[in-house]
Amino acid sequence: MIMASAIEVLAKQAMKTFGDRACQKSLDKLWSLMSKITAEDVKLDKNILDYVGRQSAPMCVMDIFENKDITIAIFVLKHGVTLPMHDHPGMHGLLKVISGIVELNSYSMRTKNDHVIKSNEEITAVKHRSISLNSNSSACILTPSEKNLHEIKCIQGPAAFLDILSPPYDVDEFGKGPRPCTFFKIVKSKLCTESADVFEEVQLSVIESPRDFYSSTLKYIGPPLKDYCNK
């Protein structure tokens with residue numbers, strides 16, 4: 001009998017976790033599995049990283065798997081590049097750095113989960129403490145209400161991270177069609193002593209998708225998931 005690869009085991013747990021209503025026990029197991037994933041598990045090697053470093057796009061994306069419940073992909077940021085602040089409306093997400101070093105800045109909005117953001121609206125949010133992540137770091141979790149916005153800066157790169165989102169952006173949001181990925185900028189901030197993790201309250205303004213930030217696509221060459229996940 002052929003043993004399932006680490007990424008296959010992870011994908012199956014992700015489908016179990018998000019195929020119905022996510023429970024904490026199942027999410028904890030998924031987080032534990034994700035925290036152990038390495039670059040070798042997805043066959044991300046120096047040749048791929050060197051290629052990303054030479055090409056013009058600030059970021060490369062490897063799509064691994066997507067169905068109605070989850071999307072799994074690898075993102076590779078060039079050295080010094082920042083993935084602009086964006087949201088994940090009504091979504092859970094897990095992020096695991098598998099190569100390089102990134103700085104993660106996360107924000108939690110004060111609005112309700114089903115709030116529809118308008119283009120001319122300012123949003124109040126709290127900023128969590130910045131964290132540095134490398135391949136030895138545990139996976140990070142975002143929920144529909146906690147740390148749902150983030151920006152990711154490549155400190156040492158190219159830096160790659162594995163990403164699981166549920167549901168995918170293309171899945172209907174609150175009966176209003178696909179979920180938009182909205183970008184933000186900070187317009188003002190003030191100190192906040194809400195908790196040890198929260199030290200700043202910010203006002204965010206919606207911006208257009210940054211023209212100088214775009215991505216190219218790379219082929220995923222790691223263990224395939226399509227047949228395994230459909231079993």
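Read the figures in this text as sums done on the coordinates, not as results from a lab. Since the structure is predicted, the reported quantities are computational estimates derived from the model, not experimental observations. Methodologically, a virtual Cβ is constructed for each residue, glycine included, from the backbone with ideal geometry; neighbour enumeration extends over all protein chains shown.
Cross-linked pairs K46/K78; K12/K78; K147/K190; K16/K46; K46/K147; K16/K153: Cα-Cα separations exceed 22 Å for K12/K78; K16/K46; K46/K147; K16/K153. K118 versus Q203, label points 7 Å from Cα toward the beta carbon: distance in nm? Going from the K118 label point to the Q203 one covers 1.6 nm. Count the net charge of all other residues whose Cβ sits under 10 Å from the Cβ of F183, scoring Lys and Arg as +1 and Asp and Glu as -1. Around F183, the charge tally is -2.
Placing dummy labels 7 Å off each Cα toward the beta-carbon, the span from Q55 to R129 is 3.7 nm. Mean sequence separation of contacting Cα pairs (under 8 Å, at least six apart), scaled by the length of the range 65-209, corresponds to a relative contact order of 37 percent.
If you work out volume of the Cα convex hull per residue in Å³ from the coordinates, which of (1) 132; (2) 110; (3) 149 do you get? Working out volume of the Cα convex hull per residue in Å³ from the coordinates points to (1).
Cβ-Cβ distance of D172 and A196, R₀ of 35 Å, FRET efficiency by 1/(1 + (r/R0)^6): the value works out to about 0.40. Every helix of 4 or more DSSP H residues in the chain counts as -39500 (n - 2.57), and over all residues that averages to -4500 deg cm²/dmol at 222 nm. Taking 0.36 nm per residue of separation and subtracting the Cα-Cα distance, full extension of the segment from F213 to C23 would add 64.9 nm.
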